[in-house]
1. What does the extension gain come out to for residue 279 and residue 327, with contour length at 0.36 nm per residue minus their alpha carbon separation?
2. Given 0.36 nm per residue, what is the gain on full extension from residue 266 to residue 146 after removing their alpha carbon distance, in nm?
3. Within straight cross-link reach of residue 209, meaning Cα distance under 24 Å, which lysines are found once same-chain residues fewer than 8 apart are removed?
4. Tell me the net charge near residue 227. Cut-off is 10 Å between Cβ atoms, residue 227 excluded, with +1 for each Lys or Arg and -1 for each Asp or Glu.
5. What is the gain in length, in nm to one decimal, between residue 290 and residue 182 on full extension, counting 0.36 nm per residue of separation less the C-alpha to C-alpha distance?
6. Arranged from highest to lowest average of other beta-carbon atoms within 10 Å per residue, in what order do the peptides 43-56, 229-242, 137-150, 99-112 appear?
7. Using the 4.7 Å Cβ rule, please list in number order the cysteines from the chain without any candidate partner.
8. 7 Å from Cα along Cα→Cβ at both residue 174 and residue 309: what's the point-to-point distance in nm?
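Please treat every number below as a calculation from the coordinates, not as lab data. Keep in mind that what you see is a predicted model, and the values were worked out from it rather than measured. Reconstructed Cβ throughout: ideal geometry from the backbone, glycine too, with neighbour counts over all protein chains shown.
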Amino acid sequence: PPPNPPGPLKDTSAKLVNDAAHPWRPAAPGDIRGPCPGLNTLASHGWLPRNGIATPDQIITAVQEGFNMDNSLARFVTYAAFLVDGNVVTNLLSIGQKTAETGPAPPAPAIVGGLNTHAVFEGDSSMTRADFFFGDNHDFNETLFDQFVDFSNRFGGGFYNLTVAGELRFQRVMQSIATNPTFSFVAPRYFTAYAESVFPLNFFIDGRKDDGQLDMETARGFFQNSRMPDGFFRANGSKSADGIDVVAEAHPLPPGSNVNGVNTFTPDPTSANFGTFCLLYTNFVNKTVASLYPSPTGVLRQALNINLNFLFEALDGVDPGACAQAFPFGQD
Ligand code: HEM
Ligand code: MG
């Protein structure tokens, strides 16, 4: 069986993480990178295996050690992504494209396609990656980064900060509504879009500075080159999605999607929103995960149940008893 998830760090102080043991190296031929600048960077510094194939426990340890991500958030995001994008039997996840390196995959409709897989976790209106509809949902996009810089200049005096995050999040949604006929902005993407808007503030700013102002050279380093600045210190104290409420309230939007081509954005009352957090979990487990595994048996079912349990424990740790556990594959 897979190991239990790692616990929180004992020492969450800021410290040098671009250190002698974790030098940046460019991805070698065959090394996989994907839509997440955080995980890409950890792989390019050797906090994760440099080939971009990792176990959930390696990812949790790396985001904690390398960036000081809070333990509950790290566990929740990691097991959620792993359940839909990873190989639960071999316990391996690709941080980018689908690959044979994660081992023999369970039968379709399971995808086991790595983090690049569209719609189960990765989603539309990313800040520096294009929508799947336009063909490449995972590589750094210079045009989008230029917009990131432009918004930082206009709203942040040259820095990405909480004000910029609120404006850029709204801009990316408006752009997708106007140009992407398949635009979807429902849970889980609804939540990850807002969370990822604050991650650069919480994790890409040097922990000794900690002033909520991300400069453009540092931003480009992480987003494009998967690279920490020289001498980079991780955040000072563990961080979660701090500031997400500010971003969401800057331009409130309901979850929804374009239902009949561009400019047909329609709210979706079946999606979870910020007022129905347990529904995020319940829909994800009972709809998204269950649709990939209609009738698992044996070791596959066992592995799914263990990882579903890890996911629920991460959620329950934040607010014990608030959400009821779901068992789409029955209980052992
Ligand atoms: C985006 C996975 C941790 C920063 C993403 C995406 C995935 C992902 C699949 C693509 C979503 C999309 O934009 O469509 C994960 C997983 C993590 C993790 C499984 C495990 C804990 C982190 C950490 C950071 C980070 C620790 C920061 C240090 C970001 C940012 C984006 C993103 C900024 C948005 C990129 C953009 O909008 O252009 N992540 N991530 N992530 N991630 Fe992560
Ligand atoms: Mg995306």
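1. Values: separation 48, 0.36 × 48 = 17.28 nm, distance 1.41 nm.
Separation in residues times 0.36 nm, less the Cα-Cα distance, equals 15.9 nm.
2. Values: separation 120, 0.36 × 120 = 43.20 nm, distance 2.91 nm.
That works out to 40.3 nm of additional length.
3. Cross-link targets: 10, 15, 239.
4. Numbers: positive: 25, 220; negative: 230.
Its environment carries a net charge of +1.
5. On the way: separation 108, 0.36 × 108 = 38.88 nm, distance 2.30 nm.
Extra length available between residue 290 and residue 182 comes to 36.6 nm.
6. Details: 43-56: 22.1, 229-242: 18.1, 137-150: 16.5, 99-112: 14.6.
Result, highest mean Cβ count within 10 Å first: 43-56, 229-242, 137-150, 99-112.
7. So far as the 4.7 Å Cβ criterion goes, 36 stand without a partner in the chain.
8. Modelled inter-label distance: 4.9 nm.
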